[in-house]
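Okay, here's the structure, questions in a sec.
What follows draws every value from the coordinates through simple rules; no lab data is involved. Quick caveat, the model's predicted, so the values are computed rather than measured. Quick reminder, even Gly has a Cβ in these numbers, built from the backbone with ideal geometry, and neighbours come from all protein chains shown.
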Amino acid sequence: MAKKRLVMALGHDALGTNLPEQKAAVAKTAKLIADFIQNGWQVAVVHSNAPQLGMIHTAMNEFGIQHEGYTPAPMSVCSAMSQGYIGYDLQNGIRAELIKRGIYKPVSTILTQVTVDPYDEASYTPVKKIGRVMTAAEAAEEEAKGNYVAEVPGKGFCRMVAAPRPVAIVEIDAIKALLDNDQLVIACGGGGIPVMEQGSNLKGASAVIEKDLAAALLAKEVDADVLMILTNVDHVSLNYGKSNEAPISSMTVSQAHTYKKDGQFGVGTMQPKICASIDFIEAGKGRSAIITTQAMAREALEGKAGTIITE
């Protein structure tokens, strides 16, 4: 009997924001993933990278400024670096946890490129903050390079980049081959390294991709049964943050469309997770999506917690 396939999208809580926090967080996350493996699931892991990407971007740019002959690193290169070092911790943490349980299963990180459309409407609207807060003079220098900068009230200025929708996963055949051989794969980290197709070449894009949308694309491509998006709330709610807030334990895609149209989901918070869930479920039959916290993930997969979205 074929194993059920799960794509997990890990949020910031599963990784921490710096090196020591990441080590501690990954140890807890590895136990959760090992539980699912032990219960017979095939698992592909997608992770966030915002704090790590910002740290790398700042470090590389500052190094370029301070040392002659070195140049700032493009956003796509910083994304690749974040995939490598987060994947390194994740794959070793998961591997160690599996071995403790007598499970000898290869765990691999795939440096994953994801193509974007340069004419995507989202490409013209920078929405993601990257790097450290800058002074007005530094912001002017950044704008002179052709980058977009926005003011952070009361703090200074910050570089902003666009978040276009993912179009295709370049390394999807390698990812499928590993999953089909019952191996655990870490892929599309941070939403993937954003690239644009130019003839036979791939050119890095100065952008980031919503990791939840990339996770949904991966889940579609590998024909997963469940897309699980881990975040910082136990469940999706209507009227979030208001006196009449109401948690949702389950909803259909039709209901999700209605709630989204009614403006129930924050554009930069819950809405991408809802859109990712809808995209995944509508692309196949018998699929479901789960939105919850890491602490409630085990119960949610059993239908006892979180928000479950179905056809």
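Compute the acute angle (0 to 90°) between the alpha-carbon long axis of helix 75-100 and the principal axis of greatest extent of the alpha-carbon atoms of the chain; round to the nearest 10°.
30 degrees
Taking the 0 to 90 degree range and rounding to the nearest ten, how far is the long axis of helix 271-282 tilted relative to the main principal axis of the chain, both from C-alpha atoms?
That works out to roughly 50 degrees.
Round to a whole angstrom and tell me the spacing of the C-alpha centers of region 33-97 and region 119-174.
19 Å
While we're on this one: How many nm separate the modelled label positions at residue 302 and residue 19, each set 7 Å beyond the Cα in the direction of the Cβ?
Roughly 3.9 nm, to one decimal.
For region 272-311, rounded, prolate or oblate, judged on the Cα gyration tensor with a ≥ b ≥ c (square roots of eigenvalues), a/c < 1.5 rounded, else prolate if a/b > b/c? Before the final figure, lay out each step's value.
Numbers: a/c = 3.16, a/b = 1.66, b/c = 1.90.
Taking the square roots of the gyration eigenvalues as a ≥ b ≥ c, region 272-311 is oblate.
Tell me the label-point distance for the pair residue 100, residue 177, using the 7 Å Cα-to-Cβ offset, in nm and rounded to one decimal.
Here the answer is 3.3 nm between the modelled labels.
Related question: Under the rule of -39500 (n - 2.57) per DSSP H run of 4 or more residues, summed and divided by the residues of the chain, what mean residue ellipticity at 222 nm is obtained, to the nearest 500 deg cm²/dmol? Intermediate values should be presented prior to the final figure.
Working: 9 runs with 118 residues, N = 311.
It comes out at -12000 deg cm²/dmol, rounded to the nearest 500.
Expressed as an acute angle from 0 to 90° and rounded to the nearest 10, what is the orientation of the C-alpha long axis of helix 50-66 relative to the principal long axis of the chain?
20 degrees
A further question on this structure: On a full-extension model of 0.36 nm per residue, what is the gain between residue 243 and residue 269, subtracting their alpha-carbon distance, rounded to one decimal in nm? Mind showing how you got there, number by number?
Numbers: separation 26, 0.36 × 26 = 9.36 nm, distance 1.95 nm.
Gain in length upon complete extension: 7.4 nm.
Determine which residues of region 143-182 fall in the zone a paramagnetic label at residue 3 would reach in this model, i.e. backbone nitrogen under 20 Å from the point 7 Å along Cα→Cβ.
Correct set: 172-182.
When ranked by the protection proxy of mean other Cβ atoms within 10 Å per residue, highest first, what sequence do the peptides 171-178, 26-33 form?
Numbers: 171-178: 16.5, 26-33: 20.4.
Put in order of decreasing packing, that is 26-33, 171-178.
Within region 166-192, which residues have the backbone N less than 16 Å from the label spot 7 Å out from residue 108 along Cα→beta-carbon, could you tell me?
170-189
Are there trypsin sites (Lys or Arg not before Pro) in region 76-165 that DSSP puts in a loop and that have at most 11 other Cβ atoms within 10 Å, and which ones? Intermediate values should be presented prior to the final figure.
Details: sites: 95, 100, 101, 128, 129, 132, 145, 155, 159; in loops: 101, 145, 155.
Those satisfying the criteria are 145, 155.
Here's another thing I want to ask about it. Where in region 259-311 are there trypsin sites (Lys or Arg not before Pro) that are in a DSSP coil and have at most 12 other Cβ atoms within 10 angstrom of their Cβ?
Answer by residue number: 285, 304.
Then there's this: Taking only the C-alpha atoms, wrap a convex hull around region 164-209 and report its volume per residue in Å³ as a whole number.
On the way: hull volume 3.5 nm³, N = 46.
Spread over its residues, the Cα hull of region 164-209 gives 76 Å³ apiece.
Calculate the spin-label point distance for residue 147 paired with residue 311, positioning each point 7 Å from the Cα along the beta-carbon direction, and give it in nanometres.
Going from the residue 311 label point to the residue 147 one covers 4.7 nm.
Multiply the residue separation of residue 201 and residue 28 by 0.36 nm, subtract the distance between their alpha-carbon atoms, and state the gained length in nm to one decimal. Provide the component values of the computation, followed by the final result.
Working: separation 173, 0.36 × 173 = 62.28 nm, distance 3.94 nm.
58.3 nm is the gain from fully extending residue 201 to residue 28.
Which semi-axes, in whole Å and largest first, does the equivalent ellipsoid of the chain have when worked out from the alpha carbon gyration tensor as the square roots of 5 times its eigenvalues? If you can, show how the numbers build up before the last one.
On the way: eigenvalues 194, 114, 72 Å².
For the chain, the ellipsoid semi-axes come out as 31, 24, 19 Å.
Sorting check: for 118-126, 204-212, which peptide has the highest mean count of neighbouring beta carbons within 10 Å, and how do the rest follow?
Values: 118-126: 14.0, 204-212: 24.0.
Packing order, densest peptide first, comes out as 204-212, 118-126.
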